[in-house]
Amino acid sequence: MFASIKIAAVIVILSTAGVGYLYVQKLQADLQTARENVVRMEAAVATAEQSITLLKEESAKFAELNKQLSSDLQRAEAYGDDLRGKLQRHNLTALALSKPGLLEGKMNGATAKLWRELEQDTGGAGDDPTPSWLQRPTAGETGAGDSSGDGNTKDNDSDGSTPEAN
């Protein structure tokens, strides 16, 4: 009987050791999985930190661009207000009927300038030559090429952006 107790004790000890060995193996596998997960999490944290840094930089850029756009918008609104004021002061219908050459030259010059600026703003060179009917006269010519249409070749301002005395 004592021998069967010894055998039972040995079996219990061996089974406990076997279960313990399997438990240690499971713990080591879980530890390896945990280490791999830590590495993945560290990579995810590094990516998140880079994203946050990038977002902060982009936010600063957008704020600067927004500030610039606001400034440009204010200038454009002021220019629009100025143009509306000029249009209210001038009766273009009466001017066109009384001095068609003056108005035609100024409108053609302003239109040509506008198209050149639009071409520049959209990526073009914007350096197309001025049409012959808008070019300044050469020496010895009188009145030819006067883009303002007023016969005055000295002030050949055709862009319409210079203030005029009323």
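Read the figures in this text as sums done on the coordinates, not as results from a lab. It should be emphasised that the depicted structure is a prediction, and the values quoted were computed from it without experimental measurement. FYI the Cβ positions are ideal-geometry reconstructions off the backbone, even for glycines, and counts take in every protein chain you see.
Just a yes or no: is a residue in region 43-62 of a type outside the set (Asp, Glu), part of a helix (DSSP H, G or I), out of contact with any Ser or Thr (no Cβ under 7 Å at 6 or more places or on another chain) and closer than 30 Å to Ala125 by Cα? Give the derivation first.
Kept after step one, since they are of a type outside the set (Asp, Glu), are these residues of region 43-62: 43-48, 50-56, 59-62.
From what's left, part of a helix (DSSP H, G or I): 43-48, 50-56, 59-62.
If we keep only those that are out of contact with any Ser or Thr (no Cβ under 7 Å at 6 or more places or on another chain) as well, we get 43-48, 50-56, 59-62.
Filter once more, so that each one left must be closer than 30 Å to Ala125 by Cα: 61-62.
Yes, some residue in region 43-62 is of a type outside the set (Asp, Glu), part of a helix (DSSP H, G or I), out of contact with any Ser or Thr (no Cβ under 7 Å at 6 or more places or on another chain) and closer than 30 Å to Ala125 by Cα.
May I ask you to list pairs of residues, at least six apart or on different chains, whose Cβ atoms are under 6 Å apart, with the first in region 109-120 being touching a residue at least 24 places away in the same chain (Cβ under 8 Å) and the second being of a type in the set (A, V, I, L, M)?
What qualifies is Gly109/Leu134; Ala112/Leu134.
Among the residues of region 89-99, what is the count of those that are part of a helix (DSSP H, G or I) and without any contact (Cβ under 8 Å) to a residue 40 or more places away in the chain? Break it down stepwise before answering.
From region 89-99, those part of a helix (DSSP H, G or I) are 89, 92-98; that's our starting set.
Next cut, without any contact (Cβ under 8 Å) to a residue 40 or more places away in the chain only: 92-98.
Final tally of qualifying residues: 7.
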